[in-house]
Amino acid sequence: MKMYQFKIIDDGNGTWRFELGGINLLIDGFTVKDEKHWIKHPEKAYAYFNVQGHVYGVANEIKTFPTVEDFYENMRTQYQILINDNAVHS
């Protein structure tokens, strides 16, 4: 798997924000190895996204993903479920 083309923003307080396709991931540091962004402390990473004015946040604590790419893939699935569910109920 190739690295995703995230927009990566240094929030200036030790936190990095990775943005792609409406999904935002907040992490406290990373290294690049084997074409992936390895999260410094994966259990402290968070994701959030907005669906029809509702902000959803998910912690990377319960099922911990070690890379930004793996965490993003899981969040993309959740995001798609919420988008599709909201489209059906609109």
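The values are calculated or read from the model by the stated rules, or taken from the named source; none is laboratory data. The structure presented is a predicted model; accordingly, all values stated were derived computationally and were not measured. Every residue, glycine as well, gets a Cβ built from its backbone with ideal geometry; the counts of neighbours run over all protein chains shown.
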Among the residues of the stretch 67-90, is there at least one that is assigned to a loop (DSSP other than H, G, I, E, B), among the acidic types (D, E) and out of contact with any Ser or Thr (no Cβ under 7 Å at 6 or more places or on another chain)? no
Could you check, for the stretch 38-45, whether at least one of its residues is in a strand (DSSP E or B), surrounded by fewer than 16 Cβ atoms within 10 Å (Cβ to Cβ) and either of a type in the set (D, E, K, R) or modelled with pLDDT of 95 or more (or both)? no
The correct count of residues that are at pLDDT below 95 and surrounded by fewer than 12 Cβ atoms within 10 Å (Cβ to Cβ) in the stretch 9-21 is 4
Those residues of the stretch 64-79 which are without any contact (Cβ under 8 Å) to a residue 60 or more places away in the chain and of a type in the set (A, V, I, L, M), in sequence order: M75
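Quick check on my filter: what residues within the stretch 53-88 are of a type in the set (A, V, I, L, M) and either under 16 Å from G22 (Cβ atoms) or over 10 Å from the mean Cα position of the chain (by Cα) (or both)? It would help to see each step written out before you state the result.
Looking only at the stretch 53-88, we keep the residues that are of a type in the set (A, V, I, L, M), and these are 55, 58-59, 62, 68, 75, 81-83, 87-88.
V55, V58, I62, V68, M75, I81, L82, I83, A87, V88 - these are the residues of the stretch 53-88 that are of a type in the set (A, V, I, L, M) and either under 16 Å from G22 (Cβ atoms) or over 10 Å from the mean Cα position of the chain (by Cα) (or both).
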